[in-house]
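The values are calculated or read from the model by the stated rules, or taken from the named source; none is laboratory data. If you're wondering where the values come from, they're calculated on a predicted model, not measured in any experiment. Every residue, glycine among them, receives a Cβ derived from its backbone with ideal geometry; neighbour counts consider all protein chains shown. Ligands, DNA and RNA are excluded from the accessible area calculation, which covers all protein heavy atoms including side chains. Shrake-Rupley method; radii C 1.70, N 1.55, O 1.52, S 1.80 Å.
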Amino acid sequence: MYRYTVRPTASDLWQLSMYYVYGSLVGVCNIILAAVLALAVAKWSSVGTVYRIVLVLACLAFTVIQPLAIYRKAVKQAKSITEDTELLFDDKGIHVTVAGKKNFVSWKKIKRVSKKPTMIVVFLDTTHGYVLSNRLLGSGRDAFYEFVTSKMAGKSGR
């Protein structure tokens with residue numbers, strides 16, 4: 001049994017978004033664009049000022065502007081979370097308590113579990129889930145992940 005009190009920070013939400021943006025098709029496009037930009041940099045000395053300005057702006061779009069925009073969104077999301085979420089993971093599922101209201105999610109209803117370098121995410125569907133940061137999980141991170149994945153393996157149809 002594992003019990004956690006969760007309230008994701010802007011940093012947690014930003015990291016989660018960055019993992020999925022750069023791990024998605026958008027991320028693949030960003031990598032391809034970065035390769036094209038690297039090629040353009042090789043031609044820097046032979047191009048004019050307008051092309052150089054466009055090149056610099058394009059570089060900033062993917063290395064600075066996009067992450068900052070994602071962080072701004074994460075700050076707004078974090079501010080909208082005004083209550084702690086109590087999570088109790090046991091053999092039956094997840095017992096969730098928010099502002100005194102209780103809910104239960106059986107293991108059969110869990111879509112998937114994702115282990116990222118700085119967090120573990122337990123997904124209820126493709127867009128909703130519980131973010132458990134390494135800071136929260138501490139030294140029990142690996143044991144928690146093994147527990148959750150063992151319960152996921154027991155789902156019928158998996």
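Suppose the filter is more than 16 Å from Pro8 (Cβ to Cβ), at pLDDT below 90 and exposed (fewer than 13 other Cβ atoms within 10 Å of the Cβ); does Gly138 pass it?
no
Mind checking which pairs have a first residue in segment 116-128 that is surrounded by 18 or more Cβ atoms within 10 Å (Cβ to Cβ) and a second that is of a type outside the set (S, T, N, Q) and not in a strand (DSSP E or B), Cβ under 6 Å, 6 or more apart or different chains?
Ile120/Tyr145
Would you check if there is a residue in segment 126-136 being farther than 30 Å from Leu39 by Cα, assigned to a helix (DSSP H, G or I), under 18 Å from the mean Cα position of the chain (by Cα) and not aliphatic (A, V, I, L, M)?
Yes, because at least one residue in segment 126-136 is farther than 30 Å from Leu39 by Cα, assigned to a helix (DSSP H, G or I), under 18 Å from the mean Cα position of the chain (by Cα) and not aliphatic (A, V, I, L, M).
Looking at Thr97 and the list (1) part of a strand (DSSP E or B); (2) closer than 28 Å to Ser139 by Cβ; (3) open to solvent by 90 Å² or more (accessible area, probe 1.4 Å), which single condition is not satisfied?
All conditions pass for Thr97, except number (3).
When the residues of segment 61-90 are narrowed to those that are more than 23 Å from Phe104 (Cα to Cα) and of a type in the set (Ser, Thr, Tyr), which ends up surrounded by the fewest Cβ atoms within 10 Å (Cβ to Cβ)?
Thr63
With respect to Leu57, is the statement that it is open to solvent by 80 Å² or more (accessible area, probe 1.4 Å) and at pLDDT below 75 true?
Details: open to solvent by 80 Å² or more (accessible area, probe 1.4 Å): yes; at pLDDT below 75: no.
Considered against the rule, which asks whether it is open to solvent by 80 Å² or more (accessible area, probe 1.4 Å) and at pLDDT below 75, Leu57 comes out as no.
Check Val131 against each of (1) without any contact (Cβ under 8 Å) to a residue 60 or more places away in the chain; (2) open to solvent by less than 40 Å² (accessible area, probe 1.4 Å) and name the one condition it does not meet.
The one condition Val131 does not meet is (1).
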